[in-house]
Amino acid sequence: MMETLPPMRPLDPHDRRYRKIQAKFEKGWLHDGKRADIRTIYAVDEDDLDRSYSGRRFNQYVDLSGGKCSLLFHGTRRTCRIGNDHERQLEPCYDGGCHLCCILRDSLSVRTAGPRGMFGHGIYTTDISSKADIYAKNHHLRSSKHAMLVCRVANNKPQYLTKAEYHRFAPDPGYDCVEAVTLANGGSVRFPETVVYSDDAIVPVALIIYTREGWDGRY
C-alpha cells in the first residue's frame, strides 16, 4: 500500500498553485480587527497525491458523488514547530496531541473529530480563512507563526441546515455534506461552513504558514 498521504513541500511564490491558494486565503479573510500575512505554502505533488491511499479514496468518492469538490480551509491544534523554518519537506512529529501532524501523516478522520460540533460529529471546513484561523491554535507552543490546512472537500450535493443539530452523524440520504446557512440568509452562523461525515470525502492538499495580528473569536 502507498503511504496514506504524500509529503508536502514548499511552493515557489510564483507557482500557479501558490497564487491560487494565496488569493483564496486573502479573499476569505473577513473578520474585522485581525490581519494575516502568508510566510510559506506547502503542497503535495498532484501525481503523488493520486497514487496515495487517501488520494485514491478521495478521487473515487468524488467520482461516485458527482464529480464536484471545493478547496476549503481547516484549522486545528499544533504542538510543534512544523513548517516554521521553510523545510524542504514537512516531517510530522509523533506527539499524539499535535492534531496537525496526525493529519499530515494519516489524513483527516471523523473518528478523531470533536464530538460536540454544531452540526454533529463530522469534519468542519470553511472558505473563510479568518474563521478557520480561530481553530488554528498553537498549543503549549510559543510561536509567531500559525498553520492552516487547505483541503479538497466533496460537496456535490450539500444539505443546507439553518439551525444546530448536535447529534447528527451524517447528511440525510441523497446528500454528501452539510452546509451551514449564514445568519444573513436565515441560518445560525455568521460565516459559512461545510461538514463532511466520511473520511473519504476530504483530503489535505496544502498547508499555509502565516503570521497574524489581532484576534476576533466571533463565529
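Looking across segment 68-118, the residues that are part of a loop (DSSP other than H, G, I, E, B), in contact with a Pro (Cβ under 8 Å, 6 or more places away or on another chain), among the hydrophobic types (A, V, I, L, M, F, W, C) and closer than 22 Å to Asp45 by Cα come down to Ile82, Leu90, Leu108. Residues in segment 42-80 that are among the charged types (D, E, K, R) and either crowded, with 21+ Cβ neighbours inside 10 Å or touching a helix residue (DSSP H, G or I) at 6+ places or on another chain (Cβ under 6 Å) (or both): 3 in all.
Can you pull out every residue in segment 176-197 that is assigned to a loop (DSSP other than H, G, I, E, B) and under 13 Å from Cys151 (Cβ atoms)?
Glu193 - this is the single residue of segment 176-197 that is assigned to a loop (DSSP other than H, G, I, E, B) and under 13 Å from Cys151 (Cβ atoms).
Scanning segment 124-172 for residues that are crowded, with 22+ Cβ neighbours inside 10 Å, touching a Cys at 6+ places or on another chain (Cβ under 8 Å) and of a type in the set (A, V, I, L, M) gives Val153, Ala154.
Leu141 meets the conditions (1) among the aliphatic types (A, V, I, L, M); (2) modelled with pLDDT under 95; (3) in a helix (DSSP H, G or I) in every case but one. The failed one is (3). Each residue in segment 64-76 was checked for being at pLDDT 95 or above and either more than 14 Å from Val195 (Cα to Cα) or among the β-branched types (Val, Ile, Thr) (or both), and 1 pass. The set of residues from segment 81-97 being surrounded by fewer than 21 Cβ atoms within 10 Å (Cβ to Cβ) and over 20 Å from Gly55 (Cα atoms) comprises Arg81, Asn84, Asp85, His86, Glu87, Arg88, Cys93, Tyr94, Asp95, Gly96, Gly97. Of a type in the set (Val, Ile, Thr), in contact with a Ser or Thr (Cβ under 9 Å, 6 or more places away or on another chain) and at pLDDT 95 or above: is that true of Ile123 in this structure? So Ile123 fits the description; yes.
Of all residues in segment 20-41 being at pLDDT 95 or above and farther than 16 Å from Asp127 by Cα, which is surrounded by the fewest Cβ atoms within 10 Å (Cβ to Cβ)?
Looking at the filtered set, the residue picked out is Asp37.
The values are calculated or read from the model by the stated rules, or taken from the named source; none is laboratory data. Just so it is clear, the model here is predicted, and its values are computed rather than measured. For neighbour counting, all protein chains shown are included, and Cβ atoms are generated from backbone atoms with ideal geometry for every residue, glycine included.
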